[in-house]
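J.: Sharing a structure, written as structure tokens. Questions coming.
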Amino acid sequence: MSVATKPKRITCPQIRAMKGNTPVVCLTAYTSLTAVLLDDNVDLLLVGDSLGMVLYGMESTLGVTLDMMIAHGKAVMRGSRRACVIVDMPFGSYQESKEDAFRNAARVMKEVGCAGVKLEGGTEMEDTIRFLAERGIPVLGHIGLLPQSVNTAGGFRSLGRGEKEAADIIADGQAVADAGAFATVIEGTVEPVAAQITEALPIPTIGIGASPACDGQILVTEDMVGLFSEFKPKFVRRYAELGRGIAEAGKAYADDVRARRFPTLEHCFGTRQPAKEPSSGG
Ligand code: KIV
């Protein structure tokens with residue numbers, strides 16, 4: 001097979017180089033099917049640990065395991081050819097020590113074949129990000145609202161309102177960039193602070209509930225396509241109403257099966273032939 005015909009994936013250095021040029025378009029993907037559908041139009045697919053809540057119905061992301069992330073990461077790699085695929089490090093897989101973080105991140109890189117990993121945290125993760133980046137593992141940072149710290153934060157709320165909180169997030173952004181992250185997510189952070197971080201950092205900022213000034217944007221795909229129809233967070237714009245479509249399709253199917261309108265003979269194999277008309281011969 002000729003190597004030349006294989007399309008090249010977008011790399012982490014290429015994402016890094018988009019700073020100040022073109023917006024970095026990112027979405028989450030957890031399955032091969034979603035990856036196939038999104039691959040042509042995004043720069044980066046994040047296999048986010050939000051899959052714990054979105055796919056598995058967990059109350060937070062804390063129950064997600066490394067094995068789950070690896071399985072979904074492989075599925076997304078199989079479904080995509082072009083996008084830069086980044087896999088989230090789940091809670092407990094990188095906080096204990098930088099060595100532990102490297103071991104787990106290396107396992108993800110080897111088994112999934114993705115371009116890099118994402119981990120949550122700013123100044124407290126600076127040494128870990130540096131340790132990984134210096135040893136060949138590209139890291140996407142994640143600052144601002146940190147879903148894996150929901151218990152210490154006391155819930156999900158936007159951050160950066162007071163002077164101290166704003167200064168802390170700005171310092172987090174600087175730490176992540178200094179440590180060698182190729183880009184950073186800024187989540188749930190008041191607009192002026194997210195804009196200030198974007199202005200200050202040499203790496204792209206990928207906003208979610210952050211600022212239009214960010215260098216890129218990410219949403220959870222299931223939010224973006226309206227699969228979660230009961231609740232729409234303020235930072236989401238829905239580009240489809242698939243949740244309503246699936247529910248309506250499910251109802252129409254159930255009505256047809258109950259009324260024996262589906263299946264019909266056209267959906268069957270080896271259909272019985274209608275009895276032959278007796279030939280009128282003479
Ligand atoms: O887990 C995730 O999907 C994320 C994005 C929302 C940034 O971290």
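J.: Express in Å², to the nearest 10, the accessible area of Asp39 obtained by rolling a 1.4 Å probe over the protein heavy atoms while all chains stay in place.
T.: The value for Asp39 is about 10 Å².
J.: For a quick check of understanding: with a 1.4 angstrom probe and all protein chains in place, what accessible area in square angstrom does Thr65 have, to the nearest ten?
T.: Spelled out: Thr65, probe radius 1.4 Å, area about 60 Å².
J.: Accessible area of the chain with a 1.4 Å probe: how many percent of it is carbon plus sulfur?
T.: It is 56 percent, rounded to a whole number.
J.: Once phi is turned into θ = phi - 60°, what whole-Hz ³J(HN,Hα) does the Karplus curve with 6.51, -1.76 and 1.60 give for every residue of segment 153-169, x standing for Gly and Pro?
T.: Once θ is set to phi - 60°, the couplings for segment 153-169 become 7, x, x, 9, 8, 5, 10, x, 6, x, 4, 5, 5, 5, 4, 5, 5 Hz.
J.: Return the whole-Å distance between the Cα centroid of segment 21-72 and the Cα centroid of segment 202-224.
T.: One Cα centre to the other: 14 Å.
J.: How many times 2.2 N^0.38 Å is the alpha carbon radius of gyration of segment 9-136?
T.: 1.02
J.: So what is the accessible area of segment 12-238 per residue, in Å², with the probe set to 1.4 Å?
T.: It amounts to 43 Å² per residue over segment 12-238.
J.: Under a 5 Å amide H to amide H cut-off, with H placed in plane at 1.01 Å, what residues pair with Cys84 once short-range neighbours are removed?
T.: Ile10, Leu44, Leu45
J.: Moving to a separate point now. Sorted from largest to smallest, which semi-axis lengths in Å does the alpha carbon gyration tensor of segment 149-282 give for its equivalent ellipsoid, taking the root of 5 times each eigenvalue?
T.: Its equivalent ellipsoid spans semi-axes of 59, 17, 12 Å.
J.: Can you tell me the convex hull volume per residue for segment 132-201, based on C-alpha atoms, in Å³ to the nearest whole number?
T.: 85 Å³
J.: Report, in deg cm²/dmol and to the nearest 500, the calculated mean residue ellipticity at 222 nm for the chain, where each DSSP H run with n ≥ 4 adds -39500 (n - 2.57) and the sum is divided by the residue count.
T.: Value at 222 nm, helices only, nearest 500: -11000 deg cm²/dmol.
J.: On a 28 Å Cα-Cα criterion, which of the cross-link pairs Lys8/Lys232; Lys8/Lys110; Lys19/Lys118; Lys8/Lys98; Lys19/Lys234; Lys164/Lys232 come out too long?
T.: In this structure, Lys8/Lys232; Lys8/Lys98; Lys164/Lys232 lie more than 28 Å apart at Cα.
J.: Something else: Between Arg260, Arg238, Arg161, find the one with the highest GNM mean-square fluctuation for the chain; connect C-alpha pairs within less than 10 Å.
T.: Arg260
J.: Would you mind calculating the relative contact order of segment 135-282 from Cα pairs under 8 angstrom and at least 6 residues apart, reporting the percent as a whole number?
T.: Computed over segment 135-282, the figure is 15 percent.
J.: Report the Stokes-Einstein translational diffusion coefficient (µm² s⁻¹, integer) for the chain, Rh taken as the Kirkwood radius over Cα pairs, at 4 °C with viscosity 1.567 mPa s. Could you put the intermediate results ahead of the total?
T.: On the way: Rh = 20.6 Å.
In µm²/s, the coefficient is 63.
The values are calculated or read from the model by the stated rules, or taken from the named source; none is laboratory data. No experiment lies behind these values; they were computed from the predicted model shown. Side chains are part of the model used for accessible areas, which takes the heavy atoms of the whole protein and leaves out ligands, DNA and RNA. Shrake-Rupley method; radii C 1.70, N 1.55, O 1.52, S 1.80 Å.
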